[in-house]
Amino acid sequence: MRPSAFKIERYFAKHEFSTPYLISGSDCESLTIGELLALEPDAKDGFLHQRLGYTESPGAPDLRAEIARLYTRIRPEQVLVHTGAVEPIANFMQAVLEPGDAVIVQTPHYQALSEIARSIGCDIVPWLARENHGWAPDLDELPKLITAKTRAVIVNLPHNPTGFQMTAGEQARMVEICRAAGLLLFSDEVYRELEHDAADTLPAACDLYENAVSLGVMSKTYGLPGLRIGWVATRDAGVLDRMAMLKDYTTMCNSAPSEFLATLALRHRAGIVMRNRGIVLANMKLLDGFFARYAHLFSWVRPRAGSIAFPRLKLDMDVEQFALDAIKRAGVTLLPSTTYSYGNSHFRIGFGRKSLPEFLPHFERYLDEHHGGAKAA
């Protein structure tokens with residue numbers, strides 16, 4: 001397997017930590033180890049006595065039990081803990097796909113959701129989101145994309161990078177299409193629980209469909225990417241067994257301190273989610289005003305979930321050129337749509353961190369000085 005360069009990661013490797021004003025991050029506001037340990041009176045003592053030996057390859061029992069509580073039909077033994085989200089994506093694809101298989105992927109998408117399959121020798125079939133329909137893919141189109149070669153459908157709900165969220169009825173219809181065709185459904189749910197209205201939270205795909213695999217991670221909704229803890233949950237024992245075998249050749253087992261802290265965080269996830277949703281909603285109001293003032297420069301489809309959005313640049317210039325110019329002139333880091341292999345006119349903006357109110361004025365100043373400034377809403 002020789003995948004091509006991971007465009008987002010290569011772009012951030014150059015710019016994420018070398019420019020001062022990152023307004024394209026995908027995660028929520030993080031916590032310190034001290035803040036996590038303060039959640040329970042005996043947590044600090046337990047952490048300091050955590051042994052640094054090998055951990056169980058599927059994940060610590062207490063951690064898998066907490067993860068299983070995120071679902072309604074998943075037992076702890078149906079959870080497989082990994083390092084981050086890319087490892088389980090790669091292991092899933094290597095476990096179930098063969099050269100010549102076709103894989104339908106909701107598009108635009110995080111590159112790992114297609115590139116691993118492409119490197120195996122699969123045909124990638126885009127299921128295109130429609131900007132003029134709030135970034136919704138067309139459910140009537142999905143059955144037409146399925147052929148005898150189709151092995152799996154890959155979706156991301158809530159969606160990266162647009163913030164789109166299906167309704168429960170739309171999700172149920174998608175599941176029935178997959179079930180009728182006998183397809184695997186891989187559902188990237190790393191922004192689940194970060195719906196802007198909690199009533200929009202969907203059931204996990206693994207609870208709805210026996211051949212679905214749900215992906216979760218501590219990085220996005222919970223704002224704890226430094227723990228490097230992700231997982232899959234599925235009732236498909238064959239898929240889970242093959243993924244566990246492949247994990248023996250990747251990370252084998254996870255960091256014991258990270259598993260301890262992730263378990264602690266998940267016991268208190270309601271409070272963490274409430275905090276992060278509050279930051280997201282406050283920043284959304286800020287962005288609503290920003291995009292109203294700069295409507296002549298950007299097209300704004302308001303997201304319904306998550307901590308990122310995907311506005312379109314109206315200027316007569318490539319968005320990659322625009323993003324690099326913003327870095328050079330203002331120290332502001334945006335993420336151009338070229339990193340998603342999705343044209344050259346959109347960019348990702350992030351609003352899950354407390355720093356946005358401080359950083360956004362630097363972007364405004366850049367626009368005022370170099371692109372004509374704001375206009376009355």
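The values are calculated or read from the model by the stated rules, or taken from the named source; none is laboratory data. Not measured: the values here are computed from a predicted model. A quick note on method: Cβ atoms are made from the backbone with ideal geometry, for glycine too, and the neighbour counts reach across all protein chains shown.
In segment 201-248, which residues are of a type in the set (Asp, Glu) and over 19 Å from Ala65 (Cβ atoms)?
Scanning segment 201-248 gives Glu210, Asp236, Asp241, Asp248.
Could you go through segment 290-311 and let me know if any residue there is of a type in the set (S, T, N, Q), more than 24 Å from His15 (Cα to Cα) and not in a helix (DSSP H, G or I).
Scanning segment 290-311, I find at least one residue that is of a type in the set (S, T, N, Q), more than 24 Å from His15 (Cα to Cα) and not in a helix (DSSP H, G or I), so the answer is yes.
Quick check: is even one residue across segment 53-60 among the charged types (D, E, K, R), touching a residue at least 24 places away in the same chain (Cβ under 8 Å) and surrounded by 13 or more Cβ atoms within 10 Å (Cβ to Cβ)?
Yes, there is a match, as at least one residue in segment 53-60 is among the charged types (D, E, K, R), touching a residue at least 24 places away in the same chain (Cβ under 8 Å) and surrounded by 13 or more Cβ atoms within 10 Å (Cβ to Cβ).
State the number of residues belonging to segment 97-134 that are among the polar types (S, T, N, Q), touching a helix residue (DSSP H, G or I) at 6+ places or on another chain (Cβ under 7 Å) and without any contact (Cβ under 8 Å) to a residue 24 or more places away in the chain.
0
Please go through segment 228-266 and pick out each residue that is of a type in the set (Val, Ile, Thr) and buried (at least 22 other Cβ atoms within 10 Å of the Cβ).
Hits for segment 228-266 are Ile229, Val232, Thr234.
Pick from Thr162, Thr167: which is under 19 Å from Val301 (Cβ atoms) and surrounded by 24 or more Cβ atoms within 10 Å (Cβ to Cβ)?
Exactly one residue qualifies, and that residue is Thr162.
Take segment 66-94 and flag every residue that is among the charged types (D, E, K, R), in contact (Cβ under 8 Å) with a residue 40 or more places away in the chain, out of contact with any strand residue (DSSP E or B) (no Cβ under 9 Å at 6 or more places or on another chain) and assigned to a helix (DSSP H, G or I).
The one that is among the charged types (D, E, K, R), in contact (Cβ under 8 Å) with a residue 40 or more places away in the chain, out of contact with any strand residue (DSSP E or B) (no Cβ under 9 Å at 6 or more places or on another chain) and assigned to a helix (DSSP H, G or I): Glu66.
Out of (1) hydroxyl-bearing (Ser, Thr, Tyr); (2) assigned by TED's automatic domain parsing to the domain that holds Leu313; (3) in contact with a Ser or Thr (Cβ under 9 Å, 6 or more places away or on another chain), what's the single condition that is false for Tyr294?
Tyr294 satisfies all of (1) hydroxyl-bearing (Ser, Thr, Tyr); (2) assigned by TED's automatic domain parsing to the domain that holds Leu313; (3) in contact with a Ser or Thr (Cβ under 9 Å, 6 or more places away or on another chain) except (3).
Of all residues in segment 136-174 being among the small types (Gly, Ala, Ser) and touching a residue at least 40 places away in the same chain (Cβ under 8 Å), which is farthest from Val125 (Cα to Cα)?
Among them, the one singled out is Gly163.
Consider only pairs whose beta carbons are under 8 Å apart and that are at least six residues apart or on different chains; among these, list those whose first residue lies in segment 237-263 and is basic (Lys, Arg) and whose second residue is in a helix (DSSP H, G or I).
Between residues of segment 237-263 that are basic (Lys, Arg) and residues that are in a helix (DSSP H, G or I), the close pairs are Arg242/Ala95; Arg242/Val96; Lys247/Glu87; Lys247/Asn91.
Considering Leu184, Leu202, which residue is touching a Pro at 6+ places or on another chain (Cβ under 9 Å) and buried (at least 18 other Cβ atoms within 10 Å of the Cβ)?
After applying the criteria, what remains is Leu202.
Out of all the residues in segment 100-126, which are in a strand (DSSP E or B), crowded, with 19+ Cβ neighbours inside 10 Å and touching a His at 6+ places or on another chain (Cβ under 9 Å)?
Gln106
Quick grid of which residues meet (1) out of contact with any Cys (no Cβ under 8 Å at 6 or more places or on another chain); (2) under 24 Å from Gly350 (Cα atoms); (3) β-branched (Val, Ile, Thr); (4) surrounded by fewer than 19 Cβ atoms within 10 Å (Cβ to Cβ):
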site	(1), (2), (3), (4)
Tyr11	yes, yes, no, no
Lys14	yes, yes, no, yes
Pro20	yes, yes, no, yes
Cys28	yes, yes, no, no
Thr32	yes, yes, yes, yes
Ala38	yes, no, no, yes
Lys44	yes, no, no, yes
Val79	yes, no, yes, no
Ala85	yes, yes, no, no
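Does segment 328-340 contain at least one residue that is closer than 30 Å to Val217 by Cα and part of a loop (DSSP other than H, G, I, E, B)?
For segment 328-340, residues closer than 30 Å to Val217 by Cα and part of a loop (DSSP other than H, G, I, E, B): present.
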